[in-house]
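See structure below.
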Amino acid sequence: MNVDDFLSLSELLVGIPSPVLPPGTTLDPKLAQVFMDQLCTWSVQGPFMEQLLATWNEIKNQPHDLRNASVDALIMNDPSLGPLARQVILAWYSGFHPWAAGQQPTPDPANYSQALVWMLAYAHPIGVPLRFGYWQSLPPEAPS
């Protein structure tokens, strides 16, 4: 499995480039590796990661409108790949990932602090000290 494929699929799934995320928003390749590994290890759908990325490789070079329709038909509506794709979206936006039944989540603060939700909300990650005195400055300003 290739993290670059996971990263390019993630960008499509979370909507990058996006009119609602700050311009120039990119996904971190190191965090992509973390999420891919966590999903493969802990998600019930983890064994389908290779199939998900293979399906993405088959459709990623299609024209924009055909690619989106193919993602919808071949990934999002697939009973095995759809739930895994939605977990990829959840991981990027929340910093959390599925865990084994009966276990409590133990999110890595780096995952949580880099979650896209903070960019969308134009807010600091709650409960994560970014640097001394960070609370004195306003979060980035939302576009008007």
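The values are calculated or read from the model by the stated rules, or taken from the named source; none is laboratory data. Remember, predicted model here, so these are calculated numbers, not experimental data. Virtual Cβ from ideal backbone geometry, glycine too; neighbours counted across all protein chains shown. Just the protein is used for accessible areas: all its heavy atoms, side chains included, with ligands, DNA and RNA removed. Shrake-Rupley method; radii C 1.70, N 1.55, O 1.52, S 1.80 Å.
For Glu58, Glu11, what's the largest-to-smallest order of accessible area, 1.4 Å probe?
From most exposed to least exposed: Glu58, Glu11.
Under a 1.4 Å probe, what is the accessible area of segment 1-103 per residue, stated in Å²? Working shown, then result.
Working: 5370 Å² over 103 residues.
With the other protein chains kept in place, segment 1-103 gives 52 Å² per residue.
If you count, for each residue, the other Cβ atoms within 10 Å and average over each peptide, how do 76-82, 87-93 line up from highest to lowest?
Working: 76-82: 14.3, 87-93: 20.1.
My ranking of the peptides, most packed first, is 87-93, 76-82.
For segment 19-100, take N as its residue count and report Rg(C-alpha) divided by 2.2 N^0.38 Å. Intermediate values should be presented prior to the final figure.
Numbers: Rg = 13.3 Å, N = 82, 2.2 N^0.38 = 11.7 Å.
My calculation over the Cα atoms of segment 19-100 gives 1.13.
Calculate the spin-label point distance for Leu21 paired with Asn57, positioning each point 7 Å from the Cα along the beta-carbon direction, and give it in nanometres.
Going by the 7 Å Cα→Cβ label model, 2.4 nm.
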